[in-house]
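These notes concern the structure reproduced below.
The values are calculated or read from the model by the stated rules, or taken from the named source; none is laboratory data. Everything numeric in this text was worked out from a predicted model, so none of it was measured. All Cβ positions, even for glycine, are placed from backbone atoms using ideal geometry, and neighbour counts span all protein chains on display.
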Amino acid sequence: MKKIILVLGLAFSINFSANASKYKLTDVQLEQNFKVSQEVSFEEMYSADLTALNLSGSKMSASSSQTRTGYLLRSFFCGSIALHRYYMGTEKNYMWALYFCVPVVGEVAGFVDFFWVLFDKDAMSKYSNNDKYLVFLD
């Protein structure tokens, strides 16, 4: 087995070194590429997006831009750290700790939150600005 791995590694390195010469740039080619390139900055690309964001505080404010799809995606992928709750306007700063530090309850709560909103269209309105840990029990 060791010999096979050694032979495959040797074949890979020979193939890599043989093809590496195709992708070399000379100094002249490099300077030409820099002359033709266009300068891009973060401010130009995202200035409109940054002004639209509410950057005044660390809390996510509840607004009309909250969508069911956005909630479901956050709940499915990050339900165990309560990201979906902050998306809906929860103002308790320790909510993520409740979900994250109590692994079984946090996972179950995120799981139930996801499926409750998935199957009941009115359930999402109950999460808006609600600071209770288990909303679905009310």
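Could you say whether any residue in the range 121-131 is assigned to a helix (DSSP H, G or I), in contact with an Asp or Glu (Cβ under 8 Å, 6 or more places away or on another chain) and at pLDDT 80 or above? Yes, the range 121-131 contains a residue that is assigned to a helix (DSSP H, G or I), in contact with an Asp or Glu (Cβ under 8 Å, 6 or more places away or on another chain) and at pLDDT 80 or above. Of the residues making up the range 70-77, none is in a loop (DSSP other than H, G, I, E, B) and either modelled with pLDDT of 80 or more or closer than 12 Å to Y127 by Cα (or both).
State all residues of the range 104-125 that are in contact (Cβ under 8 Å) with a residue 12 or more places away in the chain and surrounded by fewer than 16 Cβ atoms within 10 Å (Cβ to Cβ); if no residue qualifies, say none. If the condition is that a residue be in contact (Cβ under 8 Å) with a residue 12 or more places away in the chain and surrounded by fewer than 16 Cβ atoms within 10 Å (Cβ to Cβ), then E107, F111, L118, K121 are the ones that fit.
Condition check for D27 on (1) surrounded by fewer than 12 Cβ atoms within 10 Å (Cβ to Cβ); (2) within 21 Å of the chain's Cα centre (by Cα); (3) at pLDDT 75 or above: one failure, at (2).
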